[in-house]
1. Name the one entry in A11, A21, A42 that is part of a helix (DSSP H, G or I) and without any contact (Cβ under 8 Å) to a residue 40 or more places away in the chain.
2. Which condition number does L28 fail, the rest of (1) part of a helix (DSSP H, G or I); (2) closer than 29 Å to F10 by Cβ; (3) out of contact with any Lys or Arg (no Cβ under 7 Å at 6 or more places or on another chain) being met?
3. Given the condition within 19 Å of the chain's Cα centre (by Cα), small (G, A, S) and surrounded by 14 or more Cβ atoms within 10 Å (Cβ to Cβ), answer yes or no: does some residue in region 34-52 qualify?
4. Out of curiosity, is E104 of a type outside the set (A, V, I, L, M) and assigned to a helix (DSSP H, G or I)?
5. Out of (1) in contact (Cβ under 8 Å) with a residue 24 or more places away in the chain; (2) touching a Gly at 6+ places or on another chain (Cβ under 9 Å); (3) not hydrophobic (A, V, I, L, M, F, W, C), what's the single condition that is false for Y105?
6. Just the residues that are of a type in the set (A, V, I, L, M, F, W, C) and either within 16 Å of A62 (Cα to Cα) or under 26 Å from the mean Cα position of the chain (by Cα) (or both), please, taken from region 1-26.
7. From (1) in contact with a Pro (Cβ under 6 Å, 6 or more places away or on another chain); (2) surrounded by 10 or more Cβ atoms within 10 Å (Cβ to Cβ), pick out the condition that doesn't hold for L13.
8. Looking only at region 23-77, count every residue that is farther than 16 Å from Y105 by Cα and of a type in the set (D, E) and tell me the total.
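No lab work stands behind these numbers, since they all come straight from the coordinates. None of these values were measured; they are calculated from a predicted model. Backbone-built Cβ (ideal geometry, glycine too); neighbour counts: all protein chains shown.
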Amino acid sequence: MATLIDQEFFARLHALNEKFAASVPATLARLEELRTRFDPAAADAALVKELHQSLHTIAGSAATFGFRVFGAQARQLEQRLRVLMAFELIAPRDWNDWLHALDEYIEWARLDPKAAVYPGQPE
């Protein structure tokens, strides 16, 4: 009986893994779309919040589905964004630095979001 339950559990988990993997391109497209609307000289609070929520969602679920580095890098971006969000005034240069990191993340993830290594990070 336990074997049947295990088989059903793993079948459902596999289906969820496939669903997550299939959603990655749309998730990246959404991040890219939000990024293109971002004005470092006048950051829109709602846009910043949506970017934060998107990265938080990726960071919280990616490792569960075998996308460990994809999730870890999203967490780093989310944490950096949270620090910026804590300040009332943020220089455009600081936003541009963060946006550059977001661009690199999106570019990397488009190639292989399941990669085990992120450029510039220890293996």
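1. Answer to the selection: A11.
2. Looking at each condition in turn, L28 falls short on (3).
3. The answer is no, given that none of the residues of region 34-52 is within 19 Å of the chain's Cα centre (by Cα), small (G, A, S) and surrounded by 14 or more Cβ atoms within 10 Å (Cβ to Cβ).
4. Yes.
5. (2)
6. Answer for region 1-26, where residues must be of a type in the set (A, V, I, L, M, F, W, C) and either within 16 Å of A62 (Cα to Cα) or under 26 Å from the mean Cα position of the chain (by Cα) (or both): F10, A11, L13, A15, L16, F20, A21, A22, V24, A26.
7. Against the list (1) in contact with a Pro (Cβ under 6 Å, 6 or more places away or on another chain); (2) surrounded by 10 or more Cβ atoms within 10 Å (Cβ to Cβ), L13 comes up short only on (1).
8. 3
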